[in-house]
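Visitor: There's a structure below that I have some questions on.
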Amino acid sequence: MKENDVILRTVTRVVVFIILTFGVELFLSGHHNPGGGFVGGLVLSSALVLLYVVFDIETVHQGVPFDFRKIAAFGAMVSLLSGTAAAVLGKPFLSQGFGYFDLPIFGLTELATVTIFEAGVALTVIGTVVTIILSISKDV
Amino acid sequence: MYAVFIIFLPFIMAALLPATHRLIGDRLIGWYVMAVPLVLFAALIRLIPQIAGGEIVSASYAWIPDAGIDLAVRVDGLGMIFALLITGVGTLVALYSIYYLSPRESLGHFYVYLLLFMGAMLGVVFSDNLMLLYTFWELTSISSFLLIAFWYHRKGSRYGAQKAMLITVMGGFSLLAGFLMLYFMSGTFSISEIIGMRDVLAGEPMIVPAMFLILLGAFTKSVQFPFHIWLPDAMEAPTPVSAYLHSATMVKAGIYLVALFTPLFGGMEYWFWSLSIAGIVTLLWGAFNAMKQNDLKALLAYSTISQLGLIMSLLGFGSAALSASAAGDPAVYAAAGFAALFYMLNHSTFKGLLFMVIGIVDHEIGTRDIRRLGGLMSFMPVTFTFAVIGSFSMAGLPPFNGFLSKEMFFGAAVDIASGQPFAGGAEVLFPVVGWLASVFTFIYCTIIVYRTFLGPVQPEKIDRVPHEAPKGMLVAPGILAVLVILIFFFPNVIGKYVIGPAMQVMFPALSREADLVPEITAWHGVNLPLVMTFGVIALGLLLFITFRHWRRIYRVAPFRWTMDSIYRGLLQTGEAASNIVTDLYMTGRSRDYFVFIYLFFLITAGGMLFLTGAFEPDFSRGPVGIFEISFVIIMAFAAIAMLFVRSRITATLLNGVLGYSVAIFFVFFRAPDLALTQTVIETVTTVLFLLCFHFLPEWKPEDSPLRTKVVNGLIAIGAGVLVTAFGLTVQGYDVYGSISVYFEESYKLAGGSNIVNAILGDFRAFDTMLEVVVLFIAGIGVYTLIALKPKKGEDDVEGK
């Protein structure tokens, strides 16, 4: 789009960071509150999609120089391997563990292996959504 | 552990190959691959004293214990022979391929496939579990497919690969069925246990069908008539592959299978006759067809077919030794089994040698058509010497190893004819047919040497100046040529240490070593086999000289009914039939597809709902407030309005109204996770829709006949009503107790207080993982469809 969209561009510059922060917050809070890997990944990718819509593909690619196909593959791999780790330790495939640790700054914190799994989910979602949207929009 | 390591080393190295390839480059990657079989060969040689002493190296790990499928590996004398071939010839072929393949080829793919095959083949010969063996068996078919299609831009390669795959995999399924029958009869997948139950299984009525199914698998793989037709087409593969897979190892997997099950089925009359007759027919037919070939590789393919038939018939003869009721001395029959293994070893040396020689000719001259070749002896003296050694060995002349095994074959055939183990009468034909086939063998061996290396040079028919091959290329065939001669002079070393232990495995009933390991002698006085050899030479020379006069007989046979044209006919009919079926429903109109999908849903799900009487609407739960009612009205309005709008963008927005309203319903029902996800999904989908606008055709009102409109409307309404009915029914459904109590423990069990995510990421993580994979596949699918579609004016790659 070649119209005069100064307002949209300016707003986007600010809003993208809010959306990205929101996405990360959703991803991390999923363990106890609404959120999680899938929706977190979706929000993150919607921020990227917003960037692609407002600016053009080349400009965004300079700032975010990732191959999203590889990100999708990497995410699927992380989910798969996080489950294999349990199998190697003799637990059923995809068993998750959690524990409470006293970390220096955060205090008593719960760490769970499900976060790794969810990270894989989030990366797959981001990679797939952006790949689909980019390949359709490039094919003009 | 050691044995498991042997099987898995090639797989591990194949997995590491891409990274190594990047690290060390094209020039060294071949050497990296060659190290694998070399190390394994050394490891196996170290095991020989143990195995020859009757020891069996085995290891077993639970794989799918519930189904009785274990990672059971067993190295015994029989597997050892084949493993020595796989690793030994593998080393030489890898060495040869370094010089044969140009660095411009995709070497990475080639070597990964080769290692994959090597591992699979070692797996076949060392498995002690039927299912494990079957897995590796199919893996050899797949890697063979990939290797035949290595030059996939050639139509012939693709055709040959597909043919090999269809025939061997068909045999593989038959094998699987046979294995399952064995499992149901014996209750175990362990091969050594099944063989130990020989006497129990012999009484089972289904043992004969199981035997035939297993034989079908072995025959398709080992190219027995009439399944031999895939091998000549498989010659489209690069020559190192032909030398390795399609002469030395993979086609011998069927031989291995037959030898492996000899202690179980051996002695049964069906087994004896199937093997002997299939083998002897293949022997004759292969040799007969080899003579008429003009392509040297096709000639070698038919000669391989013929010699595999010879080995198969020898295994059949030998199996008579295990029959309790057969007439004659079992030790005499067992000698045929010994001859089979000995011939197989020799075949790998001289046939591997000949393939490499033909590869050199093809590589240096640019053709392997004997009508264009001739007189190469003076240009390629070393290659010529190798060709003479290989061909004379194959023809059965001294002082080469082929002479010994050919004599043993004649001897075994004569013994069977005179012994008449099953008193069939037809055994008399075996030595006659075998002898005739040997005459043909002699003729085509002469053709290889004479038409390629002797006679006049035809420089006008070849594009390059003939010259000797580079030294490195001559090393591998040189080693094989030396072996061909060495084995002739010291056959008993191999007989005692390599074949002897395998004979103990094949004929457990015969315990005396002298019965199992006959002394091999080159000169055993003037006896019938020697006279037969003289006859072969005399008649062979005569027929070779007069070849042009009797060549006509190839045109006499009714070629409409060759196996090849039957195969092609079946394939074409099958394709035509499935095209007709597919065209019935693939109309190219998405409306039709929606009709199929919803009709199926209505008939199956709806039929089930009303037939089983499960439809019990329950309106009692929960009050319906003003918010819910107003959003239902909004949604209904949007849905109905969509039918009448005139522009696509309005339709997209109305669709968005529906999506966001659903999200609001999730809020009403206190499902924040779902509401959140639905909102974001709806946003991203709308962007996608807008992107797709570019590709969509003009929006125009539908002008289909009224009847179609009414039918479509009815289906649409029916689907909506059915979903509503489901919703109402589910509310009142409480046949089974609720499982939500378990999930409510999520904080204790999974450490998370968000029950939805505890279910997604922990309790039902397997579902989520597969969904992630499906999502990824969908993304790759969209990308491939769009990014890799042929550009305008570009050729369609498929098929043409």
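Visitor: Ignoring chymotrypsin sites (Phe, Trp or Tyr not before Pro) that are buried or in helix or strand per DSSP, and keeping those with at most 15 other beta carbon atoms within 10 Å, what is the longest stretch of chain B between them?
Guide: B:153-522
Visitor: Cα centroid distance between region B:56-94 and region B:323-362, in Å?
Guide: So the two Cα centres are separated by 22 Å.
Visitor: While we're on this one: Pull up the cross-link candidates among the aspartates and glutamates for B:LYS221, meaning alpha carbon to alpha carbon under 12 Å and not fewer than 8 places away within one chain.
Guide: Candidates past the 8-residue exclusion: B:GLU138.
Visitor: Turning to a different aspect of this structure: Kindly provide the trypsin sites (Lys or Arg not before Pro) of region B:143-208 that DSSP labels as loop, not H, G, I, E or B, and whose Cβ sees at most 13 other Cβ atoms within 10 Å.
Guide: In loop regions of region B:143-208 (DSSP not H, G, I, E or B), the sparsely surrounded trypsin sites (Lys or Arg not before Pro) are B:ARG154.
Visitor: Roll a 1.4 angstrom probe over the protein heavy atoms and tell me the percent of accessible area of region B:270-555 that is carbon or sulfur.
Guide: Roughly 69 percent of what the probe reaches on region B:270-555 is carbon or sulfur.
Visitor: Given B:LEU454, B:VAL493, B:ALA476, which one lies farthest toward the positive end of the charge dipole of region B:452-512, if we put +1 on the Cβ of every Lys and Arg and -1 on the Cβ of every Asp and Glu?
Guide: B:VAL493
Visitor: Which of the trypsin sites (Lys or Arg not before Pro) found in region B:594-699 are in a DSSP loop and have at most 13 neighbouring Cβ atoms, other than their own, within 10 Å?
Guide: B:ARG621, B:ARG646, B:ARG670
Visitor: Now for a separate question. What is the projected area of the convex hull of the Cα atoms of region B:216-293, averaged over all directions, in nm²?
Guide: 5.3 nm²
Visitor: In whole Hz and in residue order, list the ³J(HN,Hα) couplings for region B:229-243 that follow from phi through the Karplus curve 6.51 cos²θ - 1.76 cosθ + 1.60, θ = phi - 60°; x for Gly and Pro.
Guide: Per residue, the Karplus-derived 3J(HN,Hα) values read 5, 7, 5, x, 6, 6, 6, 5, 5, x, 4, x, 5, 4, 5 Hz.
Visitor: So, one more: Could you report the buried accessible area between B and A, both sides summed, computed with a 1.4 Å probe and given in Å² to the nearest 100?
Guide: Using a 1.4 Å probe, the pair buries roughly 3500 Å².
Visitor: Mind checking Rg over Rh on region B:1-155, alpha carbons, Kirkwood formula for Rh?
Guide: Reported Rg/Rh (Cα atoms, Kirkwood Rh): 1.00.
Visitor: Longest span of chain B, sites excluded, free of GluC sites (Glu not before Pro) in DSSP loop with at most 13 other C-beta atoms within 10 Å?
Guide: Excluding the exposed sites themselves, the longest stretch runs over B:1-518.
Visitor: Which order do B:VAL741, B:VAL112 take when ranked by solvent-accessible area (1.4 Å probe, heavy atoms of all protein chains), largest first?
Guide: From most exposed to least exposed: B:VAL741, B:VAL112.
Visitor: What number, rounded to the nearest 500 deg cm²/dmol, is the helix-based mean residue ellipticity at 222 nm of chain B, given -39500 (n - 2.57) per DSSP H run of at least four residues and division by all its residues?
Guide: Rounded to the nearest 500, it is -23000 deg cm²/dmol.
Visitor: A follow-up question, please. Using the alpha-carbon centroid of each, what span in Å lies between region B:7-31 and region A:32-63?
Guide: 38 Å
Visitor: Between region B:136-181 and region B:757-787, what's the alpha-carbon centroid distance in Å?
Guide: 31 Å
Visitor: Considering only protein heavy atoms, what per residue accessible area in square angstrom results for the protein assembly as shown with a 1.4 angstrom probe?
Guide: Value for the protein assembly as shown: 48 Å² per residue.
Visitor: Return the loop-located trypsin sites (Lys or Arg not before Pro) in region B:437-542 (DSSP other than H, G, I, E, B) with at most 16 other Cβ atoms within 10 Å of their own Cβ; answer none if there are none.
Guide: B:ARG464, B:ARG512
Visitor: If I take every Cα pair under 8 Å that is 6 or more residues apart in chain B, average their sequence separation and divide by the length, what percent do I get for the relative contact order?
Guide: The value is 10 percent.
Visitor: Once every DSSP H run of n ≥ 4 in chain A is given -39500 (n - 2.57) and the sum is divided by its residues, what mean residue ellipticity at 222 nm do you get, rounded to the nearest 500 deg cm²/dmol?
Guide: Taken over chain A, the calculation gives -23000 deg cm²/dmol.
Visitor: If B:LYS700, B:LYS789 are ordered by their accessible area, calculated over protein heavy atoms with a 1.4 Å probe, which sequence runs from highest to lowest?
Guide: The residues order as B:LYS700, B:LYS789, largest area first.
Visitor: Using a 1.4 Å probe on protein heavy atoms, which residues of region A:86-102 have at least 50 Å² less accessible area in the complex than alone?
Guide: By number: A:LEU94, A:PHE98.
The values are calculated or read from the model by the stated rules, or taken from the named source; none is laboratory data. The structure presented is a predicted model; accordingly, all values stated were derived computationally and were not measured. Because the Cβ atoms are built from the backbone with ideal geometry, glycine has one as well, and the counts that use them run over all protein chains shown. Just so you know, the surface numbers come from the protein's heavy atoms only, side chains and all, with ligands and any DNA or RNA stripped out. Shrake-Rupley method; radii C 1.70, N 1.55, O 1.52, S 1.80 Å.
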